[in-house]
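Before any comments, here is the structure.
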Amino acid sequence: MQRARVLNHAPESPAVATGDVPGGNVALVIVAGAWIVIALRYLAHRIVLSSDSMNNYVHVWWVARDLWHHGRLPWRMPVLGHGAAYAYPYGFTNWTVGALLWPVFGNWAVTLGTVLGVTGCIAATFVAFPELRRGWWAAAALANPAIIEALLFGQQAFAWGAALLLFGVAAWRRDRPLLAAVLVGLGQATHAAIVLPIGLLLVAGSSFFVRDRGRLWRWYGVALLITIPAIVLVFASPGYADSTMRDRIANFFSTLGLRVLIVVLPLAFVWARRTGIRALAPLALFVSLAISASVQVPLNVDFQWGALTRTANTASLDAYLKSSAFRPGATYRVLRGAGDGKLGLYHVLRAGGRLDSEMFPESMAIRNFSGTQQYAQLLCKRHVDYVIAYASYTASRGTNELAVLRQMQHAGGGVRVEPIEEGRGHIVYHVTREDCSGGSPSSP
């Protein structure tokens with residue numbers, strides 16, 4: 001029965017099961033202090049440039065644009081994904097809050113929103129599992145790599161969704177099933193692609209320990225009803241349709257693998273604490289830190305740490321966007337290195353251009369092409385009018401796209417490219433698509 005209490009009953013007092021292990025408070029102060037320093041450094045940036053952060057700035061800007069100028073929340077986002085994108089492929093709660101704060105803080109509202117989401121994850125962990133509020137256990141919970149990476153990568157929607165899920169766990173443990181179902185449903189709807197599988201795994205695992213499985217699944221059914229619209233949007237988004245099945249599967253498991261620790265580690269720590277084995281307390285912190293260290297290289301976490309100090313030089317791109325050669329309303333494919341954190345894409349949108357992809361890597365067609373014909377098919381499918389190609393793209397992305405693009409200058413056929421502007425390190429190509437829609441020119 002003791003194991004059943006982990007998720008099904010009001011939590012025990014933090015003083016139960018094991019005494020304090022010496023050194024725990026020191027460890028807690030060190031980890032908490034590190035969090036404060038990192039959060040302040042993060043908040044010092046108006047725009048944080050990491051792998052996933054720019055998606056938040058782009059969508060919050062668009063939502064705020066409609067909310068404050070037209071008095072409505074947008075449904076579509078035609079400036080992304082060759083006109084097929086949605087304003088809310090996920091992130092309804094966090095992006096809406098960011099949009100409400102936009103007139104006061106501008107882009108910094110998004111930076112603040114990410115820190116608030118991560119802070120919510122930390123708070124929700126301790127509300128859901130008060131057994132972990134002291135000493136080594138608290139330090140271990142604070143060092144949860146899923147929370148750390150959420151901040152560094154800029155995974156704002158995941159942070160907000162996970163926080164709501166954890167607050168739902170807290171409500172369930174306090175025997176408030178309706179509140180729990182609503183919170184879990186909102187959390188899953190905030191990031192259905194990741195938080196929904198985590199919620200499903202959590203409930204399925206809990207079924208082995210609760211006394212009334214039927215009650216658990218009935219209330220979780222309510223949460224699933226709240227999540228359904230978000231599930232539909234995941235599959236309708238061009239970010240899903242434009243990616244290959246291999247990319248979808250690989251991306252799903254690579255992102256779920258670490259983020260599931262948002263609930264797995266606290267549950268493991270609660271179980272370990274209840275064994276009464278004092279040596280497990282400092283070991284818990286070691287486990288959190290060891291997992292963080294193990295994913296540094298596979299997940300390119302060094303690049304994410306660089307976001308705390310990173311700036312990007314977009315001078316050459318900005319000069320083009322301000323020139324008469326730039327065509328607002330046209331669809332652009334922008335090939336820049338990864339070092340700017342996709343800031344260049346954001347600048348194209350703010351200048352009035354459209355993008356051929358969403359901001360997700362799997363939507364951006366970062367791959368090798370078999371030849372000019374396959375590349376022409378991509379340009380046609382995405383209605384590309386201009387390609388802005390930077391020489392640094394090949395070294396950064398490791399693909400042959402620039403080489404194929406140069407080949408197309410001399411190739412015949414219904415899709416042709418012509419260089420029209422050359423700047424510092426980049427070339428702008430105009431795309432003429434004559435056989436994509438019945439043989440008539442379809443580019444401006």
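Using the C-alpha atoms of the stretch 172-233, what convex hull volume per residue, in cubic angstrom, is computed?
In the stretch 172-233, the Cα convex hull volume per residue is 69 Å³.
How big is the stretch 161-314 on each of its three principal axes, counting only the C-alpha atoms and giving the largest first in Å?
56, 47, 28
Taking the chain as a Gaussian network, Cα atoms linked when under 10 Å apart, which of Ala141, Ala99, Ala290 shows the biggest mean-square fluctuation?
Checking each option, the largest mean-square fluctuation is seen for Ala290.
How many nm is it between the label spots at Asp435 and Gln374, if each spot is 7 Å from the Cα in line with the beta carbon?
Placing both labels 7 Å beyond Cα along the Cβ direction yields 1.9 nm.
With springs only between Cα atoms under 10 Å, which of Asp212, Asp340, Asp175 fluctuates most in a Gaussian network model of the chain?
Maximum fluctuation in the GNM of the chain, among the listed residues, is at Asp212.
Sorted from largest down, give the three principal axis spans of the alpha carbons of the stretch 38-97, whole angstrom values.
Cα extents, longest axis first: 35, 25, 17 Å.
If the label point is 7 Å along Cα→Cβ of Arg76, which residues in the stretch 86-113 have backbone nitrogen under 16 Å from it?
Only 86-89 pass the distance filter.
How do Tyr88, Tyr42 rank when sorted from fewest to most other Cβ atoms within 10 Å of their own Cβ?
Tyr42, Tyr88
Provide Rg and Dmax in Å for the stretch 315-433, with only Cα atoms included in the calculation.
Every Cα atom of the stretch 315-433 included, Rg and Dmax give 13.1, 35 Å.
Would you pull out the residues with amide H under 5 Å of Leu80's amide H, same chain only if 5 or more places away, H placed 1.01 Å from N?
Ala85, Leu355
Between Val222 and Leu100, what is the label-to-label distance in nm when each label sits 7 Å out along the Cα-to-Cβ direction?
Placing both labels 7 Å beyond Cα along the Cβ direction yields 2.3 nm.
Sort the following peptides by mean Cβ neighbour count (other Cβ atoms within 10 Å, averaged over residues), highest first: 177-183, 382-388.
382-388, 177-183
Provide the convex hull volume over Cα atoms per residue for the chain, in Å³.
Details: hull volume 65.1 nm³, N = 444.
Hull volume normalised by residue count: 147 Å³.
Which distance in nm do the two modelled labels at Ser316 and Asp302 give, with both placed 7 Å along the Cα-to-Cβ direction?
2.5
Based on DSSP H runs of at least 4 residues, each adding -39500 (n - 2.57), what is the mean residue ellipticity at 222 nm of the chain after dividing by all its residues, to the nearest 500 deg cm²/dmol?
-18000 deg cm²/dmol, from helical runs alone.
Roughly what % of DSSP beta bridges within the stretch 315-433 run antiparallel, to the nearest 5?
Details: 13 of 19 bridges.
Close to 70 percent.
Taking amide H positions as placed in the peptide plane 1.01 Å from N, state which residues far from Asn400 in sequence (5 or more) or on other chains have amide H under 5 Å from it.
HN-HN under 5 Å from Asn400: Asn368, Phe369.
Cut-off 10 angstrom, C-alpha nodes, Gaussian network model of the chain. Which of Ala338, Ala325, Ala307 fluctuates the most?
Judging by the Gaussian network model, the answer is Ala325.
So for the chain: antiparallel DSSP bridges make up what percent, rounded to the nearest 5?
70
Every number in this text was worked out from the coordinates using simple rules, so none of it is lab data. Everything quoted here is computed from the prediction, not taken from an experiment. All Cβ positions, glycine included, derive from the backbone under ideal geometry; neighbour counts span all protein chains shown.
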